[in-house]
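Let me begin by presenting the structure, written as structure tokens, before commenting on it.
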Amino acid sequence: MIMERVDKLISSQGKYTRSEVKKLIREGRVTVDGKTVTRPETKADADSQVITVDGEILGYKKHLYIMLNKPKGVISASRDGKETTVVDLVPAALQRNGLFPAGRLDGDTTGFVLITDDGDFAHRILSPKNHIQKTYHAELAEEITEETIAAFRNGVELSDGTLCLEAELRSLGGRQAEIKICEGKYHQVKRMFAALGNKVLALKRTAMGNLPLDESLAPGECRELTREELAQIEGK
Ligand code: URA
């Protein structure tokens, strides 16, 4: 059981700021297990106690996990001030402090971005040690060759000498290919193909771990993930 200040618990969910919650409490609009809370420093356990605001149960979530279908021209950052970020695309009902993209896509790359406020989870799915594959669909300037497929399998050496871990490359016919990598070096897929004399013309992330992008999300749309989907990312 983790007891925390009730004003902090409620404001962590994003809908109200801390000072708004204090006002709600002063106005007698917050209850814990049926009792009206009178002081913001009152402690409660969000997992085992029922907290309400204006009679509505607070559906407390420690963390949020959101799948976004990233459109082109949006940057993978929390907030930028100038440019639109992936976090800016999260609708108000899912906004809260601390959201960030777990792994970056280039401005012109589209597809699956996972947005969360859970740093441990992000670290687990991004660490190459955990071998969680990110799948990409690429449109290339040239058809891929058997040599390119073998080079991916053996670990590509980038033009600056950086060695990439083994990766999977599969032809989807013509100049289309599917790539699976377990790491996320800067411009990695583009630089892997560049090192082998090819060029990425378009790139889309189609899956993280065993979880495919929900193609019913239009570019720019997002939704929360279920527990089962989260587990799929980690290959469970
Ligand atoms: N590799 C790239 O080159 N760009 C991305 O956005 C993701 C992987």
Between residues in region 102-124 that are within 14 Å of Leu68 (Cα to Cα) and near the ligand (Cβ under 10 Å from one of its atoms) and residues that are part of a loop (DSSP other than H, G, I, E, B) and at pLDDT below 95, which pairs lie under 7 Å by C-beta distance while being six or more apart or on different chains? Gly103/Gly184
Failed item in (1) more than 16 Å from the ligand (Cβ to nearest atom); (2) under 26 Å from Lys236 (Cα atoms); (3) among the charged types (D, E, K, R); (4) surrounded by 15 or more Cβ atoms within 10 Å (Cβ to Cβ), with Glu178 passing the rest: (1)
So for region 218-230 (the condition being under 19 Å from Ser76 (Cβ atoms), out of contact with any helix residue (DSSP H, G or I) (no Cβ under 9 Å at 6 or more places or on another chain) and away from the ligand (no atom under 16 Å from the Cβ)), does at least one residue qualify? yes
Looking only at region 8-50, which residues are closer than 14 Å to Asn97 by Cβ and of a type in the set (D, E, K, R)? Lys8, Lys15, Arg18, Glu20
I'm trying to understand the selection: among the residues of region 83-101, which are of a type outside the set (Asp, Glu) and either closer than 14 Å to Leu68 by Cβ or part of a strand (DSSP E or B) (or both)? Thr84, Thr85, Val86, Val87, Leu89, Val90, Pro91, Leu94, Gln95, Leu99, Phe100, Pro101
Farther than 26 Å from Glu224 by Cα and either surrounded by 15 or more Cβ atoms within 10 Å (Cβ to Cβ) or modelled with pLDDT of 95 or more (or both): which single residue out of Gly55, Gly28 fits that description? Gly28
Looking at region 155-175, which of the residues that are more than 27 Å from the chain's Cα centre (by Cα) and over 16 Å from Glu142 (Cβ atoms) is farthest from the ligand (Cβ to nearest atom)? Gly161
Identify all residues within region 183-214 that are surrounded by fewer than 20 Cβ atoms within 10 Å (Cβ to Cβ), within 12 Å of the ligand (Cβ to nearest atom) and under 16 Å from the mean Cα position of the chain (by Cα); write none if there are none. Glu183, Gly184, Lys204, Thr206
Looking at Gly14, is it modelled with pLDDT under 95, in a loop (DSSP other than H, G, I, E, B) and buried (at least 16 other Cβ atoms within 10 Å of the Cβ)? yes
Search result, residues across region 31-47 that are out of contact with any Phe, Trp or Tyr (no Cβ under 8 Å at 6 or more places or on another chain) and either assigned to a loop (DSSP other than H, G, I, E, B) or within 22 Å of Leu64 (Cβ to Cβ) (or both): Asp33, Gly34, Val37, Thr38, Arg39, Pro40, Glu41, Thr42, Ala44, Asp45
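The values are calculated or read from the model by the stated rules, or taken from the named source; none is laboratory data. Predicted model only: the values in this text are computed from it and were never measured. Cβ sites come from the backbone with ideal geometry, for glycine too, and all protein chains shown count toward neighbours.
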